[in-house]
Amino acid sequence: MTLDAEQQAKLEAWIAEKVVRRHCPACETAIDWQAADVLDLVISPCEHPSGTEIPVVPLVCPNCGYVTLFSAKYMGLRK
């Protein structure tokens, strides 16, 4: 899901408020995280092939490409 202008503003406010670490844990470069589109991550244990969808927002280090995921629900981008 591509973020509209309102969602992008909400995401940027959330990152400014919640994401304390401004250094990439992989390359240790001081960064401003880049957000990708909201993805539906499907958790599917072998016993239950239907799985559970979790909407996530990937934040990417622009220096090394390290990716970390945050819940779009807790960011207020999905219900």
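Please treat every number below as a calculation from the coordinates, not as lab data. No experiment lies behind these values; they were computed from the predicted model shown. Here the Cβ positions follow ideal geometry from the backbone for every residue, glycine too, while neighbour counts run over all protein chains shown.
General remarks:
- Every pair of different Cα atoms in the chain enters the Kirkwood calculation, which places the hydrodynamic radius at 13.6 Å.
- Label-to-label distance for K79 and V60 is 3.0 nm, based on points extended 7 Å past Cα in the beta-carbon direction.
- Most to least packed among 63-73, 21-31 [average Cβ atoms within 10 Å]: 63-73, 21-31
- Segment M1-A30, extension gain: residue separation times 0.36 nm, minus the distance between their alpha carbons: 7.6 nm
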